[in-house]
Amino acid sequence: MISVKDLRKTYLLGEEAVHALDGVSLEVDDKEFVAIIGQSGSGKSTLMNMLGCLDIPDTGDVFIDGEDLAGFNENQLSVLRNEKIGFIFQQFNLLAKLDAFENVELPLIYQGIKLEERKKRVEKALCEVGLKERMHHKPNQLSGGQQQRVAIARALIANPTLILADEPTGNLDSKSSKDIMKVLHQVHEQGNTIVLITHDNDVAKEAGRQIRIMDGKIVYDSAKEEFDEINPGN
Ligand SMILES: Nc1ncnc2c1ncn2[C@@H]1O[C@H](COP(=O)(O)OP(=O)(O)O)[C@@H](O)[C@H]1O
Ligand SMILES: [Mg+2]
């Protein structure tokens, strides 16, 4: 599903070069549930932006679902994003003026799907995340956990194969976090590939595989029996 090779991304902060990604190579199989763990500033979001085709690396290769992104222009990247990837963010990123139904419906409007089918699919998606009774509530009438469930329904509405979640429980209390993890497990069981970014070890443990990133480098991967910390990438 995902294959990246020797990704590098450097930001210049004044005179100082920050190596946000410093040679990251990684393979994620179809239907895996992977957690990427690391402290704040370790490069997690930079990596997610590369995996989600939201940003391109300075050097290195990204393959998503067999497609080499190297030759893709902005437009092709956005088509791939819309067709294959669902995003979930820490801040939910819902539109405040739209209710839950309308937030989830939006991607389908962009796709030109007719009203009747939209209604069917949005209602089904909101039921699946347990918000049947909250469809016409605006974000400010919903709890954090409920807002994140709306965001998950929105991420899933176009039937992506890959779900990228950047600290989805980062703004939630422990009860809501558990609810969200339950929903993510359900999404995984339906056959999706999930990459979950978190700084929380307890959240990471719920995934089938844990990858630790530090200073822009992968320093541990539970899928590799003996990870060679001296030669990451080998
Ligand atoms: N747009 C940017 N401009 C400059 N520095 C950035 C930018 N984005 C990220 N960085 C730096 O790159 C490093 C990795 O950031 P990030 O990927 O956001 O880490 P994380 O998500 O693990 O907290 C940090 O040192 C951060 O300050
Ligand atoms: Mg981050």
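Taken together, the values in this text are just the output of simple stated rules run on the coordinates, not laboratory data. Note that the structure is a prediction, hence the values are computed from the model and not measured. When we count neighbours, we look across all protein chains shown, and the Cβ atoms used for this are built from the backbone with ideal geometry, even at glycine.
With the convex hull of the Cα atoms taken as the outline of region 61-151, the averaged projected area works out to 7.2 nm².
With R₀ fixed at 30 Å, the C-beta to C-beta distance from Lys120 to Val219 puts the FRET efficiency at about 0.05. Note on the chain: antiparallel DSSP beta bridges, both residues inside, total approximately 50 percent of the bridges counted. Each principal axis of the Cα cloud of region 112-234 was evaluated for its coordinate range; sorted largest first, these ranges are 56, 32, 23 Å.
Exceedance of the 30 Å cut-off in Cα-Cα distance is limited, within the set Lys31/Lys138; Lys84/Lys124; Lys9/Lys124; Lys138/Lys178; Lys84/Lys217; Lys132/Lys175, to Lys31/Lys138; Lys9/Lys124.
For region 40-85, the alpha-carbon radius of gyration amounts to 1.14 times the rule-of-thumb value 2.2 N^0.38 Å expected for a compact globular protein.
Shown is the FRET efficiency for Ser143 and Asp65, computed with R0 = 45 Å from the Cβ-Cβ distance and rounded to the nearest 0.05: 0.85. Treating each Cα of the chain as one equal point scatterer and applying the Debye formula with no solvent, the log10 of I(q)/I(0) at q = 0.10, 0.14, 0.16, 0.18 Å⁻¹ comes out as -0.47, -0.91, -1.15, -1.38.
Amide H to amide H distances under 5 Å link Ser25 with Asp6, Leu7, Ile218, where only residues 5 or more positions off or on other chains count and H is placed in the peptide plane.
By the beta-carbon count within 10 Å of each Cβ, the least crowded to most crowded order of Thr193, Thr10, fewest first, is Thr10, Thr193.
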